[in-house]
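Data first, discussion second: the structure below is written as structure tokens.
The values are calculated or read from the model by the stated rules, or taken from the named source; none is laboratory data. Nothing here was measured: the structure is a model prediction, and the numbers come from that model. Here Cβ is always computed from backbone atoms with ideal geometry, including for glycine, and neighbour counts include all displayed protein chains.
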Amino acid sequence: EKSIEEKNEEEDNVLEIPEEKETPKERDVEKEPLNCLKVVVIRARKLKAMDRCGTSDPYVRISVDGEIGRTTAKKKTLRPKWVETVKLSVEKSDVTAIFTVMDSDVLDSDDVIGFVVIPMRELINEYPRRDWFPLRANVEMINSTRANENDQGLGEIELCLRWIHEPRFFFELPLSWQENEEAAGYQSKKRRRSSVKQIKNELKVYVIRARGLSGKKGAQQPYVTLRLDYEVRKTKIGISSSGGSHRNLTRKSSSKNAIKQEDLGKRLVSKGSTKVFSQNQQAQRVFCQEFTIPADFEPEDHSTKNGKAATKMLELSVISKNVVLGKCQINISKKECCRKFYALEDPEHGNISAKNGRIEVAYKWCHNPALVLELPDDKIPTRDTLVDQDANEICIFLIRARKLKVMDQTLLGGQGSTDCYLVFNMNENQVKSTVKYKSLTPVWQEAFYLGAEGIKEPQLIITAYDHDVMSAHDYMGCIDINVCTLLKNRKRLRQWFRLIGKEGSGVSSYGEIELGLLWRHNPQRVIPLPNEFIEKKDDTSGPENLLLCTLIRATALMACDTHVLANKASTSDPFVTLELLGEKRKSLTINADLNPIWSQSFTFPCEFSDAKLKLTVQDYDRLSENDFMGRCHVAMPNRRGDIVRKWYDLYGEDENVSYGRIEIAARWIHDPAAIIQLPKELLTDDLIDKDPNEVIFAILRGSAFEDKKTKVRAQYQSWKFVCATAVKGPSPQIFSIHTLPVEDAKDLLDPIILKFQDNAQEKSAKFDLTALKEERRIWRRWIFIENSQARIECAARWIHNPKNIIPLPEHMLNEELYPKREANALAIVLLRGRNLMQNKDDEVVVEPPNIFCTLRLGAEQVTSRTQIKNHNPDFGAEYFELPVESLHEVLAISVCNNKNGATIKRIQNLLSSKKQNNNQIGSFELAIRELAHRTLYREWFGISSEESSGKIELAFRWFHNPHLILRVPQDMMARERCPNMPINELQICLVRARDLPAMGRSEYPKVQFIINGLSAESCVKKKNKVSSLDAKIKYFC
């Protein structure tokens, strides 16, 4: 026995097989993939005895990736020798090959002796692998490194493995799949020349074969159905690869290495070895059919459902005699060609496994220009070339529909159809497409154009109907498109839109419509403006003063008139009233039109940038009051001369509710004919080098006045004057000119107050004169009247008027005759007064005063003439002269109101008495030291106080007056006749006295001299505190 075992081992060592010496060949990885596991089952040894007789009938069962093969059974031996070759179709490297050594039994099920598991990734180098592999008792424990007691005594098996490319197992794809689209004729010359990206619009599917269907009931005549959305395709009955002649199978591949259907399932026997195919080849069904399915989406273009990406899936079902053997779903999101085996799903239990069978399918995306429905550029351009203009038209190109719901059922129970047509509606503009009969995928290729003039947010509503002859048309859903949001870039859009059913109808979608849309500006829809509006020239020499307005049209107006046969309003007779600053214009009446076109121009005089044009739309009624249809306000154009054409919303009391829209064109220009010429007094100022002394004020015209008689008055300080007694109309022309003597710039701080009085109330406005200080020019402005929108235009200018200059006496203007002599006289000229008013309880006394002035210097006092009832008296250069010999004296000047109208003599008596009935308006003092320069000093002096106000103009000059010097008698100035004689006489010359106190009416000043008991008295000077006695009077002692 030992020698027999040694002899068997020697035989084992010298056993050779040709597959062991094979080497890998060069191959194209794509066209010649590894697809076949070539197994040479050589022999086994030390197998475990499974029969009672101490032997076994062993054979080997091979399974990998659902493929199954086996060897022949060797009778009654524990050292079987097969040297049989089994080829299995294997294309994956991540699977394992399981070798099961079994004992064949006739009356009972076969017994398992042991397992061997080999991963396919260990054979990827394509070199043959020959080795002895120990048998394991459990497949799950094969990869475990831990020894198992059950694995002992099972035996070993010798195998030679190699992963190769077997042409008989490989089905090459058709030639069109291997070449590019241009070589296959799928690219036209036009497409070849253009650089536009080609959209993948066709899915090619190549159904190759199915495996593992032998265990299915009724699997003798299987075929495959393909479904992508609404497209359905069906293959022919698959051909079994077990043998026989299959002449009906047409091959599209021209490859020499492709397998022939007549050779499928045949066993090939060669010298020295037996080569068999796997048992699964008996259950393989070959289809090798190509299908093209049109698709309007690209592989990466996926819609969204419930926030998750919804990938397009290709559904495949294997059917035999109306029984579904299995089905699967293929993700077709890859752009490149994809070929793969897919496991079938059990339709009963829903589990996916290779045990249910597998199907090999290849798919590929391509571009087929025959399926492209091009958008004609002449009917719907690619973009809007006038993007700077407002869009006013939507271009619609109706292409086709898909997935339409069946609305008309056939009598024989077929699929049914529909007679579909579409209605496009936008702002009551409606168009209708043609009817496509008996089609669920109709193609129209029709163009429509809808105007959208004046629509703020246009909504395009597309409604689908099923045309019926004998009954009402059936509703098939609608599409609501927000044009401004979807087409805001003003470029052509091509897209599929879903038909949405009504709420509560139970139908979520009626299908999809493919449209080409373009939101653009069409110049042909623009209504031209009138020639008088465009051709009116703008004179740039002056500011804007004329508003040109064109009322063009309106849209979507409110219906106010009810038809006789209708229960609701259906039309209107609109007209428009335009109002600007009180000026009103009225348009023509358009009868029975909710989208009227006027194209009517109007002019309004306007110089205000903040003014607004008010438009009121009304419905004309003959027998009743006109109905209100909305109003709007139009602001003035920002830039002069430019035409501003714009749509405006009409509103009522509730600004959130729209009453329609109206189109207005406005232009603001300068028209020389509309200028109000200023008076000549304001245009000339010849004495620009002299100081201004007069303000010329003019009231020119009004604007936005109420249609009432209005009296216009003006007041500046104490001057009051009436400008107009009764003006009427919205834009009255007044032309009232007045002069105001203003010499001091401080007086310009006081405004001119204008008062406007009608029957109801009195309003006022203020015209500011401060701008006249900066530059001696015409100040022309519009000013608002308080508590109203009315305005008044005024103009003013500060000029020099020589007539307002009061001349002084010549001796005050000439040079002094005795400049070297000591000054002894003060010359005073009282010229005029301004705004001399007396206040009482913080209110200005309306009655003008009787003004006179008193000048007091020491005991000397003089009084001027009284100016009767005049706030601005003119004293006519009244001259006074007072003796002044000291710089320390002060001149006091008082302005009084002679209420009783007394004469000057009476005034002097009243001033000297303690009882004074005259109210003093004001006073001021002037120190003589301020006149030490002995030149002319002319100035206005203010007398304003809490109780009075105003100012007075005087002129002063301190000079030497020789007439005021009282000379001593000559006999006192001559030489003494007897100078040698003793003195015996005192000569006294009493000259004058000053600043004597008042002693009453009965006392008169006199002088008494007493020397050594001798006395002498002067003569009496009546009613004079300052006495000038005769210089020739002598007193002797």
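D388 passes every criterion in (1) buried (at least 18 other Cβ atoms within 10 Å of the Cβ); (2) closer than 30 Å to Q524 by Cβ apart from (1). G511 falls short on exactly one of the conditions (1) touching a Leu at 6+ places or on another chain (Cβ under 8 Å); (2) modelled with pLDDT of 90 or more, and that condition is (2). Every residue in region 800-819 that is surrounded by 13 or more Cβ atoms within 10 Å (Cβ to Cβ) and not in a loop (DSSP other than H, G, I, E, B), please. Within region 800-819, N804, H811, M812 qualify.
Matching residues to (1) without any contact (Cβ under 8 Å) to a residue 60 or more places away in the chain; (2) touching a Leu at 6+ places or on another chain (Cβ under 9 Å):
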| site | (1), (2) |
| --- | --- |
| T23 | no, no |
| L34 | no, yes |
| K38 | no, yes |
| K48 | no, yes |
| V60 | no, yes |
| E67 | no, yes |
| K74 | yes, no |
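Among all positions in region 629-645, there is no residue which is closer than 16 Å to M558 by Cβ, assigned by TED's automatic domain parsing to the domain that holds T555 and surrounded by fewer than 17 Cβ atoms within 10 Å (Cβ to Cβ). Selection of first residues in region 623-648 that are modelled with pLDDT of 90 or more and of second residues that are assigned to a loop (DSSP other than H, G, I, E, B) and among the hydrophobic types (A, V, I, L, M, F, W, C), restricted to Cβ pairs under 8 Å at least 6 apart or on distinct chains, gives the following pairs, ordered by first then second residue: D627/C560; M629/L557; M629/M558; M629/C560; G630/L557; G630/M558. Counting the residues of region 75-113 that are on the phi < 0 side of the Ramachandran plot, in a strand (DSSP E or B) and not basic (K, R) gives 17.
Residues that are of a type in the set (A, V, I, L, M) and either assigned by TED's automatic domain parsing to the domain that holds F608 or touching a Gly at 6+ places or on another chain (Cβ under 9 Å) (or both) within region 698-748 comprise A704, V712, V727, I734, listed in sequence order.
Checked against the criterion of being among the hydrophobic types (A, V, I, L, M, F, W, C), in contact with an Asp or Glu (Cβ under 9 Å, 6 or more places away or on another chain), assigned to a loop (DSSP other than H, G, I, E, B) and modelled with pLDDT of 70 or more, the candidates L966, L986, L996, L990 yield just one match: L990.
Within region 570-585, the set of residues being closer than 15 Å to I664 by Cβ and surrounded by fewer than 20 Cβ atoms within 10 Å (Cβ to Cβ) comprises T577, E579, R585.
Does region 296-311 contain any residue that is modelled with pLDDT of 75 or more, surrounded by 13 or more Cβ atoms within 10 Å (Cβ to Cβ) and in contact with a Phe, Trp or Tyr (Cβ under 8 Å, 6 or more places away or on another chain)?
no
Each row is one residue, and each column tells you yes or no for (1) within 23 Å of G511 (Cβ to Cβ); (2) part of a loop (DSSP other than H, G, I, E, B).
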| residue | (1), (2) |
| --- | --- |
| S333 | no, yes |
| K340 | no, no |
| P347 | no, yes |
| K405 | yes, yes |
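Scanning region 76-121 for residues that are hydrophobic (A, V, I, L, M, F, W, C) and buried (at least 19 other Cβ atoms within 10 Å of the Cβ) yields a count of 13.
What is the number of the single condition among (1) of a type outside the set (S, T, Y); (2) surrounded by 16 or more Cβ atoms within 10 Å (Cβ to Cβ); (3) at pLDDT 85 or above that G357 does not meet? Checking G357 against (1) of a type outside the set (S, T, Y); (2) surrounded by 16 or more Cβ atoms within 10 Å (Cβ to Cβ); (3) at pLDDT 85 or above, the one that fails is (3).
Considering region 15-48, the residues that are among the charged types (D, E, K, R) and at pLDDT 85 or above include one that is nearest to the chain's Cα centre (by Cα), namely K38. For beta carbons closer than 6 Å, sequence separation of 6+ or different chains, a first residue in region 662-683 that is in the same structural domain as R777 (by TED's automatic domain parsing) and more than 21 Å from L578 (Cα to Cα) and a second that is modelled with pLDDT of 85 or more and part of a loop (DSSP other than H, G, I, E, B), the qualifying pairs are L682/I778. Every condition in (1) farther than 24 Å from P741 by Cβ; (2) part of a strand (DSSP E or B); (3) touching a His at 6+ places or on another chain (Cβ under 8 Å) holds for E822 except the one numbered (2). Exactly one residue among D12, D51 is modelled with pLDDT of 75 or more and either touching a strand residue (DSSP E or B) at 6+ places or on another chain (Cβ under 8 Å) or within 23 Å of D131 (Cβ to Cβ) (or both), and that residue is D51. Taken over region 518-569, the residue count meeting the criterion of being closer than 26 Å to E625 by Cα and either hydroxyl-bearing (S, T, Y) or buried (at least 18 other Cβ atoms within 10 Å of the Cβ) (or both) is 9.
Residues considered: R791, R797. Of these, the only one that is assigned by TED's automatic domain parsing to the domain that holds A704, touching a helix residue (DSSP H, G or I) at 6+ places or on another chain (Cβ under 9 Å), of a type outside the set (D, E) and crowded, with 19+ Cβ neighbours inside 10 Å is R797. Taken over region 609-668, residues that are among the acidic types (D, E) and either within 22 Å of I527 (Cα to Cα) or within 23 Å of the chain's Cα centre (by Cα) (or both) amount to 4. Scan region 483-498 for residues that are touching a helix residue (DSSP H, G or I) at 6+ places or on another chain (Cβ under 9 Å) and not hydrophobic (A, V, I, L, M, F, W, C) and the total you get is 1. Just to be sure, is T589 in a loop (DSSP other than H, G, I, E, B), modelled with pLDDT of 90 or more and surrounded by 14 or more Cβ atoms within 10 Å (Cβ to Cβ)? When the stated conditions are applied, T589 passes them. Checked against (1) part of a strand (DSSP E or B); (2) in contact with a strand residue (DSSP E or B) (Cβ under 6 Å, 6 or more places away or on another chain), K646 passes all but condition (2). Inspect all residues belonging to region 380-392 and state whether any of them is part of a strand (DSSP E or B) and either among the acidic types (D, E) or in contact with a Pro (Cβ under 8 Å, 6 or more places away or on another chain) (or both). Checked region 380-392: no residue is part of a strand (DSSP E or B) and either among the acidic types (D, E) or in contact with a Pro (Cβ under 8 Å, 6 or more places away or on another chain) (or both). State whether the residues of region 459-467 include one that is more than 25 Å from E374 (Cα to Cα) and among the hydroxyl-bearing types (S, T, Y). Yes; the residues of region 459-467 include at least one that is more than 25 Å from E374 (Cα to Cα) and among the hydroxyl-bearing types (S, T, Y).
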